[in-house]
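Read the structure below first, then the notes.
The values are calculated or read from the model by the stated rules, or taken from the named source; none is laboratory data. This one's a predicted model, so the numbers in the text were calculated from it and none came from an experiment. Neighbour counts run over all protein chains shown; Cβ positions are idealised from the backbone, glycine included.
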Amino acid sequence: MSDGGQRCRGGRRRLGRHRFEPARLVLGLCLLPIAALYALDAVDETDVPMAARFAMLPAALLLAAVVAVIAVAVRRARGPRETAKEREAGEVRGGER
């Protein structure tokens, strides 16, 4: 298997970087209690009405959508970010930016 040529000092493998997606985090955190409610219902430990459980999923999706829109707006307001390659190129040129 190839590691894409990304090795740190000391020969350790470096993980690839990716953007932080807050909407995915929020959706995951919202789905955990919903799944727990369904699991508790399966073993007859809770009596939450079915309509309430069905309403939780669209509410979680709507909340994640709102967070995603806010995240996009914040990223646009911040402007383009400097990549690691651009930073390294700036250091090679003597620190000009």
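What's the number of the condition R9 fails, among (1) more than 30 Å from T83 (Cβ to Cβ); (2) modelled with pLDDT under 95?
It fails just one condition, (1).
Does region 43-51 contain any residue that is under 14 Å from the mean Cα position of the chain (by Cα), at pLDDT 75 or above and not in a helix (DSSP H, G or I)? So that I can check it myself, show each step before the final result.
Within region 43-51, the subset under 14 Å from the mean Cα position of the chain (by Cα) is none.
Within region 43-51 (the criterion being under 14 Å from the mean Cα position of the chain (by Cα), at pLDDT 75 or above and not in a helix (DSSP H, G or I)), the answer is no, since none of the residues qualifies.
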